[in-house]
Structures are given as structure tokens and as C-alpha cells.
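Worksheet: the structure to be examined is printed underneath.
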Amino acid sequence: MRLKVKVTGIVQGVGFRPFIFRTAMKNGLNGYVRNRGDAGVEILLEGKEENIECFLEDLEQKKPPLAQIYKIIPSSLKGKNEYRNFRIYGSSRETDLSGSIIPPDITICAECLKELRDPKDQRYSYFFITCTNCGPRYTIIERLPYDRENTTMRDFPTCSFCKSEYTNPLNRRFHAQTVACPKCGPKAYLTTEKGESVACKDPIREAGRLLSEGSIVAIKGYGGFHVATATTRNEPLIRLRKVKHRRQKPFAIMAPNLQVSKSFANVNSWEAELLTSCTHPIVLLNKNEHYYLSNLIAPGLHNIGVMLPYTGLHHMLFDEVDEPAFVMTSANPPNQPIIKEDDEALKKLEDTVDYLLFHNRQIAYRCDDSVVRARGKHQVFLRRSRGYAPAPIMLREKVKHCTVGLGGELNNTVCVLFENKAFISQHIGDVENVETRDFLENTIKHLTHLTKSKVEAVACDLHPKFTTTKLAYDLAEKNGWQPIQVQHHYAHTAALMAEHGAKEIVGICCDGYGYGVDGEAWGGEILFCTQVSSGYERLGHLQKQILIGGDLATQHPLRVVAGILHGQVNIENWLLQRQQHFPYGIKEIQMILHQLEKGSNTVETTSCGRVLDAVAAILGVCYERTYEGEPAMKLESVATKGKDVLKLEPRIKGDILDTTQMLLEIFENRQKHTKADLAYSAHTYLAKGLATLAIEKALEKEVRILGFSGGVACNGILTKAIRKIVEASGLEFLVHETIPPGDGGLSLGQAFVAGFSLSGCT
Ligand SMILES: [Zn+2]
Ligand SMILES: [Zn+2]
């Protein structure tokens, strides 16, 4: 019998062909296996029918750990048997199929780590030790198929030892494209901030020592540079915050292992699983009562972002030091993408770091670390990047048209949606300047090229002034794609529909700001969404509140408080007592009060983020926003230890949830209760109000599914409280599981809406 089998999925770069080879040998079959240019593999089998059946069973059940099979397509062949053995061929150059898949970078595996530590091994202490089951992928692949010559490993021809392993079907590095050793692979070296080389025998362990002594060191990794420093000393952290212009924004840290992480943070079994998974994301962990690292790492927050070493290099940094963890933050100037070029690092980090630890392999594509937070038995993505991107998210249903979503303006990703595969890019960042915009445009090119997608439409936000809106129209004109603008909160909610295969949904969508249909500032919305081109309906929202000075109010939440409570209480004295938190002091307060009287220089918003900001300011938790979400995040941190003391019932007038009364209650009770209890009470009020209003609307619409999306859905207290109420009402409750609730998930929703909007217009 002769059978040709095509396998699609994540099957290149994950040890799939050696597995096929061994399985064919085991079942006594002849033929071949080869990679296809579309990222699938093709297998030809010759032998007895029952043996081929056993082979197909093994194929599904015993596949390598990193492989994901989407489809097995067999087709029987006529003619005589041609093969006398089983072979692994090079790649075919098929280019007829779209939707190819590129594997993400994978953490060093246990076997490689063991060899790294074994003095008798040829790769003892080799920092880029990898195998077919681990190592970089996306960040080194320039084009498909995934063969060494199409990656930046091309610059490092294998030595005879590595070659012998690469060509031995029974070796675990058989066809490992990243195989390398101290002799033939990339080398590491240390320089000063000026690029002068530092003579030392062991640059990686030397860098570790320098870090523990208080130096700031840039470290080149798989997908870009990190800036690292000690975690138990304040001095380098003060210095780092000053030069990075990050006064409060938390830094992620890297701990050498799980055990050390537990010395300063609570780690439950699910969090431990996330930390040690083959993707090794940054996991937000609650600081424990013994927390002893510097308070400058995550100031004012109850949690801290921790990851474990994911390359041999990272492990070696800790070898000769006592430091319990290192700060490990992406090296990028404000609003620019993570640095990936050596000369760029020297130029841009000269004033930031004392030393740089380089390796001489080029980074093909930059990729920041992923950030997740455990919630029950699920994970919430705060950033979906290294280890995940650009492996597609598989949707329940196919879309008819291939579309691209460009995201919004902050925390951007792009998404190429092809059939039922959503290829969401790595984290791109805030698209406010030319570097990030170029990164975004290149990523679209790269993703559409790698996946060979024939794009029909490009989707973007409704905001007329977003960089991505302009880019969408440029791309549309250049490529003949159809431009489609999608309202911000509609896109968020549509992403929920895409992820869960829901046909219609009533979505609670809360964030800081999104452009509404009439140019209004939305951000606390209840929307009805369906998969038809007419789209969505706004069913309800938070009360409109005044922002004095627009964006200034976002930065200084005391302005939001003034806007809401003006006319309710005599706010003047209270503001004057806080004059040091206004950049221009008394004068600014007088100006604000004057503008409020006159009703000038104000905009209105239904933003949920601003309401939380106002609570944070009333309670003195945060008076200034130095990074996105800061007041609300700090408020949640305070609320974690609180209870609902105010027991406020939601005030719903028509389709609108009142927020003024709640803020007034918080204000008037501010000396009677603890900050924690008041912070928690505010959360409870919003959760109850939003859930009650949304349930009422869902019942009216006869919709059984309710969802929660938008940046505020990262908030654990709100999500838990809303879920409880919704599920008690008998409705189904959906949250994001594979993409971020915030703007990192926007591109999927946009591409999804564009997909069915196109179907609607003929
Ligand atoms: Zn390995
Ligand atoms: Zn070698």
C-alpha cells in the first residue's frame, strides 16, 4: 500500500521529522518525510496496510511535546512501491497554500539544561545550547521553510561534532536547525558602555557578578536587549529609574528558580505551572509577607512580575552570585520598540548602562517577554508575545475573507486572520513615533509574507487621528485592500466572540478611552454585538463625567475628582490641601474651579478607568499617573485587603449607571473607613452596577451570553465580582483566555469584524 499524508499545524522546528522517521522505522515502513514551504510536512508511506494504520495512530498520539497537529490529510497513491528505506528529505518549495505557521521561541528544555551543567558534556556551559525541542524560532527565522539557511544561524556553519548529531536520526538534535556548540556557535562578549571590550574569561558569569555588585548591564537575548540590575540594592534602581524616565512603572524581574521566587512571593500550583511552562512568561505574583527585595521594583503594587531563566545564558548569570533575582526589563527608549541591533544598543543605552553583554548572532525579529496573571485555573494575558507569537490562535469557525487588523494606538499588536487562524503578532507597543510605526508596518509585511495570506481588507480603529488609521488607508490604497474602521469597544467585544465562537453577545467593555461613534470619549460601555455587518448597538454606559483639561485630567486624577464632585460638596479646601500634587499649585486649582464654573476647557467621558482613577485620588492612593493604568492598578492593590463596607446599591437611571453618588459616598466616608475597605467598596459598586445593567439588557435582547473586555478586565476584583453576579443569573460569562483584554487584543476583534463585514457587502 502507498499513502501520501499531509500534516498541517505547528510541525516545523519542533522535532517533527525525526519523530516521523522513528515512527516509520518502528512500523517497518519505507518512504520519506519532508517539510513543505507552507509550514506543513509531507509524508510518503509504503508498506503493509496494518502497519500504516499503526503509524497514523502513533502520529496522533505520540507526537513531540511542542508539535500541534491541526489536520492530517491522507491520499492513497497508485503504482508500485518505489522506496527501499525511509528518508528525511530537504524542504519542498511549495508555495500554493496559505496560512503557514511559524513556531514561537521555546525555553531551554530539561535535557539541554542538564548538559549545560555537565562538565563531561561537549556543550558544558555553552550559553546557547538548544535542541529540536527548545531554543529560538520566530526571532531568528527570516523566511520559511524553517531551515538553518533561512535563519540567522546561517552565519554559524556547524562543526563536525554538531553536524554528526544533526544528521543522526537517532540523536535528539537530528535536524535541530539551531544546533551549535562552543566551537561553532555564537559567542558572548562583554563591553563597557562605550563599547570597549572587557577582558575576561567568562563574560556571562562576569556580567552576573557585575550585576550583583550594583552595575546596570544590557543583555542581548533571543528577541532583543534587556536592561538588568540587582534587586536588593536601591542605588542602581534609583539610577535606572532616573535614566529610563520611569518614576513608578514596575520592572519585571528574573529569579533563578521556583524556590527562590517563593521566598519573596506567593506562588500557587497554577502559577508555578505558568512560570515553568515551555514559554516561561513573566507571571504577576503577589508579594508575600517576607518580601525583601527593593520596594523600588514595583512601587505601590501588591504584585511583582517574575520570570524564570529561559536560555542557558540566563541560568549562567546566577551561577556565581547570591542575588535572589535580577531586574530584567526590555531595553527601549520611551515609546520605542525593544532594541535589537548591537550598534543601536550602544548608541541608545550609553547613558543608561555600565556594561553590555553581547552575543554575535543577529536578531531577525524582535520580541518582548510575555506577561500573564493567573486567575483561577486560567491565565489572563497582559501581553502576549515571546513563546506565543506568532503561533496562531485557532478560532472555532472559519472566516470567509482574509483580513488584517492594525490595533489601536497603545500596547499594539497586529493580527492576520486567515480562515480559522488568527496570527497575532508579538507586542509592538505604543505607535506614537516613527520607529514603532515602522516596526508595525514591517510586522504586517512579515506576517502576511510568512503566512502567504492574500489579504482582502485592512481594519483599524474609528479614531480619525490614530497613526494606525492613517496607515490602514495607506496600505489599502497601496495593496488594493478594503479599509474598514471598527469602533474601539466593538472590536474588544468582537474579539471575545471570535475567541469563544459566540454568534451574539452582550459585552461589558471598560477601559480608559476609546473613540465613540459621535466623537465622544467612551470607556464604560454595554454593547450588543452580532456577527452581521450592521455590527453593534450601544445599550448602556457609565454616567458621563467631566474631564477638565482633557488629557491633563488623565495624568492628574485630582482633576477628575474636581470635575465629578464640584457642585456636590465644597471641594475647594480639599483641593487646596493637596496643592503640592498640582504642578502649578494654587493657581492651577483656581483655574480649574474657574473653568468648572464657566464650563470651559472640558470634555465628557463615560470612561471606567477615570472613575477608578478618581477613587484612587480621593483615597490618596495615587495622585499622578506616570504610566498607563497606574492609579487603577494601585487602587486594586489597596482593595485586595478590603471588604464592602459601604454596601451601595447600583443607581441605574434608564441605560446609565450613576457614578457621582458612589464617589460622593467614598469622599464623605474617607475618614470613617480604611482605604482598603473603601477601595473594595468602589470596586463592588461598579461590578454590581455594570453586571445588573448588562443582565437587564441581555434579558431584553434574549441573549444568553455576557462578556467582559477592555483594559479594566485585567482587574481581578472586578472580573470576579461581575462573574459571580452574571453566573448567578443563569447567563454564560465570557472573558479573554488567549489574548489580552486590553488593547493588545484589539487587532483580533478588528480583523474579525472586517471578516464578516466583507461578507455582508457584495
Ligand atoms: Zn533542548
Ligand atoms: Zn559545534
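Laid out as a table, the results:
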item: Three-way shape label, segment 111-253, alpha-carbon gyration tensor, a/c 1.5; result: prolate
item: DSSP H segments from the chain that extend 24 Å or more along their own axis, Cα-based, with Kyte-Doolittle mean of -1.0 or above; result: 675-701
item: Under 16 Å from the Cα of Lys287 - aspartates and glutamates, other chains or at least 8 residues apart; result: Glu271, Glu636
item: Three principal axis lengths of the chain [C-alpha, angstrom, descending]; result: 91, 66, 47
item: Point-to-point label distance, Leu664-Lys347, nm (Cα→Cβ direction, 7 Å offset); result: 5.8 nm
item: Charge dipole magnitude, Cβ of K and R +1, D and E -1 - the chain, Cα centre, debye nearest 20; result: 1620 debye
item: For the chain, share of DSSP beta bridges that run antiparallel, in % to the nearest 5; result: 75 percent
item: Over segment 350-463, volume per residue of the alpha carbon convex hull, in Å³; result: 167 Å³
item: Potential lengthening between Ser729 and Ile652 on full extension [0.36 nm per residue; Cα-Cα distance subtracted]; result: 25.9 nm
item: Translational diffusion coefficient (Stokes-Einstein; Kirkwood radius from C-alpha pairs) of segment 282-377 at 20 °C, 1.002 mPa s, in µm²/s; result: 134 µm²/s
item: Ordering of 460-470, 366-376 by burial proxy (mean other Cβ atoms within 10 Å per residue, highest first); result: 366-376, 460-470
item: Shape of segment 625-750, Cα gyration tensor, a/c cut at 1.5; result: oblate
item: Mean projection area, nm², convex hull over Cα of segment 174-309; result: 10.5 nm²
item: Global form of segment 548-625, assessed from the alpha-carbon gyration tensor, a/c cut-off 1.5; result: rounded
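Quick note: the coordinates plus some simple rules give every number you see, no bench work behind them. In this text the structure is predicted, and so the values were computed from the model without any measurement. We place every Cβ from the backbone using ideal geometry, glycine too, and count neighbours over all the protein chains shown.
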